[in-house]
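So the structure is just underneath, and the comments pick up after that.
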Amino acid sequence: MKNLIVLIALFVYAIASSQEYTVLHINSAWNSRNDYKQLNEIKGARIIKALLEDQQPSIKRQIKAVPVIFIYKGSSLIGRWDADISLTIKAPVEEMQEAIDSSKYSRVATND
């Protein structure tokens with residue numbers, strides 16, 4: 001019984017301490033042909049696509065060009081990629097994957 005309690009406690013700790021990665025792709029309906037096509041190549045993150053038209057005004061004010069991609073670790077923003085003048089995102093998918101991978105392995109500095 002004691003082993004079961006320890007196992008459950010470890011499981012709860014692992015879930016509570018894990019950080020979920022989310023890739024948020026926001027575009028506009030009129031610009032859908034310029035969606036970022038390589039989103040499905042990003043590993044280890046949940047992919048969410050949304051339309052700018054469906055967003056709250058506070059979010060709309062933060063977006064100057066579409067599409068835009070945000071990557072979150074939990075609730076913290078770890079990366080952002082905006083469209084250029086061609087209304088496309090030119091960044092390679094490897095750059096976005098690197099933002100996720102480097103965040104997974106980064107450590108907090110400690111005073112030893």
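Computed from the coordinates by the stated procedures, all read-outs in this text should not be read as laboratory data. Everything numeric in this text was worked out from a predicted model, so none of it was measured. Here Cβ is always computed from backbone atoms with ideal geometry, including for glycine, and neighbour counts include all displayed protein chains.
3J(HN,Hα) along region 69-77, derived from phi through the Karplus expression 6.51 cos²θ - 1.76 cosθ + 1.60 where θ = phi - 60°, amounts to 10, 10, 10, 10, 10, x, 9, 9, 6 Hz, with x in place of Gly and Pro.
With a simple spin-label model that places each label point 7 Å from the Cα along the Cα-to-Cβ direction, the separation between SER76 and SER28 comes to 3.3 nm. Distance distribution P(r), region 19-105, all Cα-Cα pairs, bin width 10 angstrom from 0: 17, 53, 28, 2 percent. Count Lys and Arg as plus one, Asp and Glu as minus one, and take only other residues whose Cβ is under 9 Å from that of TYR21; the net charge is then +2. May I ask what percent, to the nearest 5, of DSSP beta bridges between residues of region 19-105 are antiparallel? Within region 19-105, antiparallel bridges account for around 65 percent of the total.
Backbone amide hydrogens, once placed in the peptide plane, bring ILE47 within less than 5 Å of VAL23, excluding anything fewer than 5 places away on its chain. Using the Karplus relation 6.51 cos²θ - 1.76 cosθ + 1.60 with θ = phi - 60°, the per-residue 3J(HN,Hα) values for region 55-62 come to 8, 5, x, 5, 6, 4, 5, 7 Hz, with x marking Gly and Pro. Backbone geometry of region 25-33 corresponds, through the Karplus equation with coefficients 6.51, -1.76 and 1.60 at θ = phi - 60°, to 3J(HN,Hα) couplings of 10, 10, 9, 10, 4, 5, 10, 4, 5 Hz, x marking Gly and Pro. Please give every one of the lysines within straight-line cross-link reach of LYS90, meaning a C-alpha to C-alpha distance under 22 Å, and leave out same-chain neighbours fewer than 8 residues apart. Excluding near neighbours in sequence, the set is LYS37, LYS43, LYS49, LYS60, LYS64.
Label sites at LYS104 and GLU20, each approximated as a point 7 angstrom past Cα along Cα to Cβ, lie 1.7 nm apart.
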